[in-house]
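First the structure, in the form of structure tokens, and then the observations on it.
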Amino acid sequence: MSYKIAVIGLGYVGLPLAHAFSEKYKVVGFDIAQWRIDELNSGVDRTLELNESQVKEALANGMKFTKDLEEIADCNVYIVTVPTPIDKHKKPDLTPLIKASESIGKVLKKDDIVIYESTVYPGATEEECVPVLEKLSGLVFNEDFFCGYSPERINPGDKEHTVTKILKVTAGSTPEIGLKVDALYASIITAGTHLAPSIEVAEAAKVIENSQRDINIAFVNELAIIFNKLDIDTEAVLEAAGTKWNFLPFRPGLVGGHCIGVDPYYLTHKAQEVGYNPEIILAGRRLNDNMGMYVANQVLKLMIKKEHKIASAKVLVLGITFKENCPDIRNSRVIDVIQELQDFGTDVEIYDPWADSVEVKREYGLDLIDSLNSTYDAVVLAVAHDKFDGLDIEKLKNGNDTVVYDIKSKLEKSDGKL
């Protein structure tokens with residue numbers, strides 16, 4: 001069977017996937033944002049997952065970028081890679097997923113396959129998405145059309161573990177479709193594939209990957225708080241413990257982004273729906289969600305010890321993206337540090353050479369400074385960008401009493417760190 005593939009959602013996940021598939025198949029990239037389509041058609045990817053030559057290579061291979069449903073009506077495989085965020089109450093927000101399913105339902109045909117990559121709780125694909133597809137298309141699930149699930153494993157900014165080099169979990173709504181979905185991905189994934197026995201198993205596998213990381217980071221964050229009270233260097237403790245062959249090398253820090261800080265809430269939502277309150281997962285989430293406030297208060301305590309007047313004190317925060325060497329600001333928990341410092345009346349300036357100032361303004365209502373030409377009462381290294389290597393912190397100090405707080409344990413000398 002020959003495939004023509006539509007990738008729905010052209011962000012950090014969808015665009016690299018579409019590019020990979022375009023080397024072997026006809027591909028149409030679909031996104032509802034016209035500005036995104038215009039940028040890609042001009043060879044620009046603001047996520048920096050693909051460079052200009054890669055985008056133009058995909059276009060040369062015949063890939064189209066569009067927001068026109070008619071352009072994907074003749075496709076027979078639809079791959080959904082839209083975000084699955086949480087709302088202000090930390091509940092799953094399936095709005096993008098449902099809207100994508102509605103769009104596909106309008107063009108779905110007999111024997112088409114719809115594959116979801118978005119992270120969801122176990123059962124969401126068949127309980128939430130399939131009914132939408134059936135309603136809009138008038139077709140019957142597993143008779144007229146079929147579904148698959150292959151959870152994304154993209155690591156934004158990682159140029160080593162790219163989409164084709166990460167082993168892919170696959171699943172189908174029937175055994176036969178499972179084999180087809182697996183073969184489709186296996187044709188481009190050099191790292192190999194793992195065919196799960198059901199869509200629910202694949203959904204569950206994805207959501208626990210990041211929940212596991214969240215819990216482990218919460219553990220070392222709690223250790224950092226304890227060791228700080230005991231006046232013990234957390235990094236030195238972890239280095240010593242790491243000499244044991246099976247000690248896991250997690251480090252304390254702010255837990256943001258669109259995966260680790262979000263996915264556990266999808267699992268806890270489903271658990272509570274079936275009558276179980278997940279103690280460990282929620283405890284880890286609470287601890288990690290409060291780390292920004294903890295960091296800010298540690299900075300303020302150090303400033304008070306050095307007799308700084310907190311109100312109107314100038315504070316520099318280095319980095320606002322959710323991780324190093326990446327422009328992604330989604331769900332960055334650096335914002336918690338900034339807002340807590342601002343609540344105490346400090347004048348916070350933010351410098352991040354990776355972040356897009358327009359996106360930061362739109363997302364958080366904050367302005368970035370373009371260069372480092374001032375001195376500060378406190379400097380907070382929040383994100384370990386390589387571009388901060390060799391940064392002369394001394395030139396940023398407003399005298400010897402400037403507080404330097406190193407969240408990422410990147411600096412040789414600091415007044416405080418996690």
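Quick notes on this structure:
- Charge dipole (the chain, unit charges on Cβ, about Cα centre) - positive-most of CYS259, LEU230, LEU287: LEU230
- Accessible-area composition of the chain, carbon plus sulfur, in percent [1.4 Å probe]: 51
- Amide H contacts of PHE65 (H built 1.01 Å from N, under 5 Å, at least 5 apart or other chain): GLY29
- Segment 18-155 shape via C-alpha gyration tensor axes, a/c threshold 1.5: oblate
- Per residue, the accessible area of segment 193-232 comes to 52 Å², computed with a 1.4 Å probe over protein heavy atoms only.
- A cut-off of 5 Å between modelled amide H atoms, ignoring neighbours fewer than 5 places along the same chain, links TYR116 with VAL80, GLY148, TYR149, SER150.
- Length released on extending from ASP386 to LYS413, taking residue separation times 0.36 nm less the Cα-Cα span: 8.0 nm
- Nearest 10 degrees, 0 to 90: helix 291-305 Cα axis against the chain principal axis: 10
- Since only GLN54, THR95, ILE32 are under comparison, the one whose Cα sits farthest along the positive direction of the charge dipole of segment 26-138, derived from C-beta charges on Lys, Arg, Asp and Glu, is THR95.
- Protein heavy-atom accessible surface, 1.4 Å probe, per residue over segment 1-114: 44 Å².
- Prolate/oblate/rounded label for segment 281-418 (Cα gyration tensor, a/c 1.5): rounded
- Helix 95-105 axis, angle to the chain major axis (alpha carbon atoms, nearest 10°): 20
- Lys, Arg +1 and Asp, Glu -1 on Cβ, resulting dipole of segment 101-214 about Cα centre, debye, nearest 20: 380
- Per residue, in Å², the accessible surface of segment 299-381 once ligands and nucleic acids are set aside, probe 1.4 Å: 45
- When +1 charges are put on Lys and Arg Cβ atoms and -1 charges on Asp and Glu Cβ atoms, the dipole computed for the chain relative to its Cα centre reaches about 360 debye.
- For peptides 206-216, 185-195, 231-241, sequence by mean Cβ density within 10 Å, most packed first: 206-216, 185-195, 231-241
- The residue among LEU108, ILE407, TYR3 whose Cα reaches farthest toward the positive pole of the charge dipole of the chain, with charges on the beta-carbon of Lys, Arg, Asp and Glu, is ILE407.
- Gyration tensor verdict on segment 243-308 (Cα atoms; rounded if a/c is under 1.5, prolate if a/b is larger than b/c, oblate otherwise): oblate
- Nonlocal amide H pairs with HIS194, under 5 Å, H built at 1.01 Å: LYS168, VAL169, THR170
- Karplus-derived HN-Hα couplings along segment 7-22 (A = 6.51, B = -1.76, C = 1.60, θ = phi - 60°), whole Hz, x at Gly and Pro: 9, 9, x, 10, x, 4, 8, x, 5, x, 5, 4, 4, 5, 5, 5
- Between 0 and 90°, nearest 10: helix 263-273 axis offset from the chain longest Cα axis: 70
The values are calculated or read from the model by the stated rules, or taken from the named source; none is laboratory data. Every value quoted in this text rests on a predicted model; they were computed, and no experiment measured them. All Cβ positions, glycine included, derive from the backbone under ideal geometry; neighbour counts span all protein chains shown. Calculation scope for accessible area: heavy atoms of the full protein, side chains included, ligands and nucleic acids excluded. Shrake-Rupley method; radii C 1.70, N 1.55, O 1.52, S 1.80 Å.
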